[in-house]
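Trainee: Right, I'll just put the structure down here and ask away after.
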Amino acid sequence: MSSIQEVQDEIVSEFEILGDDKESTIYYIMELGGSLEDFPDNERIEVNTIKGCQSKVWLIADEKDGNVHFQADSNTDITKGLISLLLRVLNYRSPEEIINAKLDFVERIGMGSIIGSQRSNGFASMIKQIKLYAMAIQTKQNA
Amino acid sequence: MGLNIAKIRGLFPVLHQEVHGKPLVYFDNAATTQKPQAVLDALTNYYEKDNSNIHRGAHALADRATRYFEETREAIQHFINAREAAEVIFTKGTTESINLVAATFGRKFVEKGDEIIISTLEHHSNIVPWQMLCEEKGAVLKVIPINDAGEIIFEEFEKMLSAKTKLVSIVHASNALGTVNPVKKVIAAAHAVGAKVLLDGAQSSSHLQIDVQDLDCDFFAFSAHKLYGPTGLGGLYGKREVFESMPPYQGGGEMIKEVTFEKTTYNEIPFKFEAGTPNIADVISFKAAIDFINELGKDAIKAHEDELLAYANEQLMQIKGFIPVGTAQEKVSVLSFNINAMHPYDVGMMLDANGIAVRTGHHCTQPLMKRLGLEGTVRASFAVYNSKSEIDKLAEGVSRIARIKNK
């Protein structure tokens with residue numbers, strides 16, 4: 001499995017190919033959402049939503065072979081694409097790796113200017129929630 | 001003769017810019033309109049030459065500022081055809097105007113068991129103040145239902161009216177759908193049972209001729225920033241006898257006649273409702289916006305906007321997956337829609353990438369969206385400086401976006 005840094009570098013080079021064309025960048029992000037694994041219908045409930053997002057985002061996590069397994073969904077395609085980027089970097093990694101991850105790809109691809117300030121806040125909330133899940137699972141492992 | 005749109009566009013500096021490498025197409029006018037150069041000049045001019053506090057200064061600057069300030073009040077009086085300038089008070093905007101009525105008229109005249117009627121089309125700012133008042137007073141809030149086209153069902157409204165009805169507070173033109181309500185009928189019916197009527201004119205005032213005497217409404221609330229004027233400013237019209245029957249809103253300077261520690265007597269209207277130093281600069285520059293509208297003429301503006309709306313409908317209806325939301329007979333230039341199988345946020349963001357500014361979401365009308373069974377819509381709203389070629393760009397953009405999910 002590639003390291004967190006290697007996956008981030010991959011993402012950055014993909015976005016570099018897209019260049020400055022905002023429409024194709026957004027279209028690409030929307031397409032990425034299709035790669036998310038199916039989200040269980042019975043988990044699409046209020047307690048699993050992330051606060052601070054304009055669109056609805058559901059995120060759940062469980063432990064698989066000592067690593068954290070995330071599943072997520074959203075009612076908007078762009079948000080689904082954004083989550084799929086995050087999960088591509090952070091899914092199936094150890095709680096420690098996730099907690100300590102420095103997500104520099106966000107800044108390197110200029111996420112703020114792609115998705116705007118309101119969505120950027122939501123994106124930050126997603127990262128925070130992912131790390132909180134990792135901390136919870138780490139606590140459980142150390143118990 | 002039609003308006004010279006190219007010339008009008010030349011008066012709005014903000015329109016001449018690129019967004020994401022594309023020329024800006026500004027279709028978020030129901031949220032706020034852009035400001036002509038004359039408004040910007042009036043604002044700078046005031047701070048450069050006339051800045052001073054109004055009404056009591058014993059010097060030339062204060063005298064000038066006071067005169068210009070009151071000239072705006074008179075301009076609004078004529079703009080809405082109020083009987084006298086004292087029937088116009090300045091507020092922060094429509095929201096504050098409605099809250100003012102709830103806090104003064106509502107507090108004094110609404111009692112336990114009384115009823116206030118609003119409609120399903122209302123913006124949150126014409127729902128929440130009444131909910132708060134009803135909760136405080138033990139009064140009842142009633143809601144006029146709408147049909148699927150987004151029009152109020154007048155017969156249902158008539159059935160709601162009774163001696164218990166104290167106030168009908170209804171939107172003149174819907175911000176989310178554009179529906180123009182049959183307010184003259186509403187007002188006459190409400191008056192027949194002795195109820196007062198507040199019109200939320202935030203959307204209607206820039207598109208329709210407003211004649212408060214002909215309408216016979218008791219209150220008319222509006223915002224300057226939707227009328228090509230500055231943000232943070234609005235007004236409230238009230239009939240003199242109604243305003244005089246109401247207690248003051250906030251306490252402070254300007255609103256008093258005489259203050260002793262034992263008792264304060266209040267100033268006459270309009271000053272009774274204008275405590276503290278007002279937003280002088282914006283009030284003064286707002287007159288330039290009213291002059292701008294008056295020069296073009298409301299009828300000419302409406303004719304142009306109607307043409308844009310009809311053209312946009314015609315263009316967008318041809319797009320596979322296009323779903324119009326709100327198809328009332330009478331509308332102002334608001335086009336709400338969805339694209340089949342797509343979320344309005346995604347559509348809005350794709351349009352933004354094309355330099356086209358629209359609004360997406362619930363438009364602060366969550367109960368209306370719930371009634372329509374929608375999470376939200378994409379809303380394109382047109383103003384006098386918009387052109388058919390901009391609508392072509394919208395249609396082109398929407399068509400390309402719709403194809404993603406509607407092959």
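Computed from the coordinates by the stated procedures, all read-outs in this text should not be read as laboratory data. Here the structure is a predicted model, which is why all the values come from computation and not from measurement. Neighbour counts run over all protein chains shown; Cβ positions are idealised from the backbone, glycine included.
Trainee: Step through the residues of region A:98-105 one at a time and calculate ³J(HN,Hα) from phi using the Karplus curve (6.51 cos²θ - 1.76 cosθ + 1.60, θ = phi - 60°), rounding each to whole Hz and writing x for Gly and Pro.
Mentor: 5, 4, 8, 4, 9, 8, 7, 5
Trainee: Determine which lysines satisfy two conditions relative to B:LYS226: a Cα distance under 24 Å, and not lying fewer than 8 residues away in the same chain.
Mentor: B:LYS7, B:LYS35, B:LYS92, B:LYS184, B:LYS239, B:LYS287, B:LYS298, B:LYS302, B:LYS331, B:LYS388, B:LYS393
Trainee: On to the next question. Given Cα pairs under 8 Å that are at least 6 residues apart, what percent is the relative contact order of chain A?
Mentor: With pairs under 8 Å counted, the relative contact order is 28 percent.
Trainee: Taking just the alpha carbons, could you work out the radius of gyration and Dmax for region B:94-209, both in angstroms?
Mentor: 13.2, 38
Trainee: Same structure again: For A:GLN5, put the label point 7 Å out on the Cα→Cβ axis and report which residues of region A:103-130 keep their amide N under 18 Å from it.
Mentor: A:103-109
Trainee: Let me ask something else. Using the Cα atoms of region B:63-121 to build a convex hull, what is its mean projected area in square nanometres?
Mentor: 6.1 nm²
Trainee: Considering amide H positions built from the backbone, and no H for Pro or chain starts, which residues 5 or more places from B:ILE144, or on another chain, come under 5 Å of its amide H?
Mentor: Residues meeting the criterion, in which the H sits 1.01 Å from N, are B:ILE118, B:SER119, B:THR120.
Trainee: Could you compute Rg(Cα) / (2.2 N^0.38 Å) for region A:4-142, with N its residue count?
Mentor: 1.01
Trainee: Are there trypsin sites (Lys or Arg not before Pro) in region A:85-143 that DSSP puts in a loop and that have at most 16 other Cβ atoms within 10 Å, and which ones?
Mentor: Loop-located and lightly packed - A:LYS102.
Trainee: Run the simple label-point estimate for B:GLU295 and B:GLU314 please: 7 Å along Cα→C-beta, distance reported in nm.
Mentor: 3.0 nm
Trainee: Oh, and also: Using a simple spin-label model with points 7 Å from Cα along the Cα→Cβ vector, what separation in nm is obtained for B:ALA163 and A:GLU16?
Mentor: Output for this residue pair reads 8.1 nm.
Trainee: Sticking with this structure for a sec: Tabulate in residue order the Karplus-calculated ³J(HN,Hα) for region A:16-28, using 6.51 cos²θ - 1.76 cosθ + 1.60 with θ = phi - 60°, rounded to whole Hz; enter x for Gly and Pro.
Mentor: With the stated coefficients, region A:16-28 comes to 5, 4, 5, x, 8, 6, 5, 4, 5, 5, 5, 4, 4 Hz.
Trainee: Helix hunt in chain B: which complete DSSP H runs extend at least 20 Å axially by C-alpha with mean Kyte-Doolittle at least -0.5?
Mentor: B:280-296, B:388-405
Trainee: For region B:230-316, calculate the relative contact order in percent as a whole number, restricting contacts to Cα pairs under 8 Å that are 6 or more residues apart.
Mentor: With pairs under 8 Å counted, the relative contact order is 24 percent.
Trainee: Still on this structure: Do the sum for chain B: with -39,500 (n - 2.57) for every DSSP H run of n ≥ 4, divided by all residues, what is the mean residue ellipticity at 222 nm, to the nearest 500 deg cm²/dmol?
Mentor: Taken over chain B, the calculation gives -11500 deg cm²/dmol.
Trainee: Would you work out if region B:40-294 is rounded, prolate or oblate? Take a ≥ b ≥ c from the square roots of the eigenvalues of the alpha-carbon gyration tensor; rounded if a/c is under 1.5, else prolate when a/b is larger than b/c, oblate otherwise.
Mentor: oblate
Trainee: From zero up to wherever the largest Cα-Cα distance of the protein assembly as shown sits, split into 10 Å bins and tell me the percent of pairs in each.
Mentor: Calculated P(r), rounded to whole percents: 3, 16, 23, 22, 18, 12, 5, 1, 0.
Trainee: Something else about it: Among the chymotrypsin sites (Phe, Trp or Tyr not before Pro) within region B:257-336, which fall in a DSSP loop and have no more than 14 other Cβ atoms within 10 Å of their own Cβ?
Mentor: Passing sites in region B:257-336 are B:PHE261.
Trainee: Continuing with the same structure: Please list, in order along region B:318-331, the HN-Hα scalar couplings obtained from phi with the Karplus expression 6.51 cos²θ - 1.76 cosθ + 1.60 (θ = phi - 60°), rounded to whole Hz, x for Gly and Pro.
Mentor: 7, 8, 5, x, 6, 10, x, 10, x, 10, 4, 4, 9, 9
Trainee: Classify region B:1-150 from the C-alpha gyration tensor, please: rounded if a/c falls under 1.5, else prolate or oblate depending on whether a/b exceeds b/c.
Mentor: oblate
Trainee: Which whole-number percentage describes the relative contact order of region B:166-265, with Cα contacts under 8 Å and a sequence gap of 6 or more?
Mentor: Relative CO of region B:166-265 lands at 19 percent.
Trainee: Please work out whether region B:345-395 counts as rounded, prolate or oblate from its C-alpha gyration tensor, where a ≥ b ≥ c are the square roots of the eigenvalues and a/c under 1.5 means rounded, while otherwise a/b larger than b/c means prolate and anything else oblate?
Mentor: Cα axes put region B:345-395 in the prolate bin.
Trainee: Please give the charge dipole size of region B:1-122, origin at the Cα centre, charges +1 on K and R Cβ atoms and -1 on D and E Cβ atoms. Round to the nearest 20 debye.
Mentor: Result for region B:1-122 is approximately 240 debye, rounded to the nearest 20.
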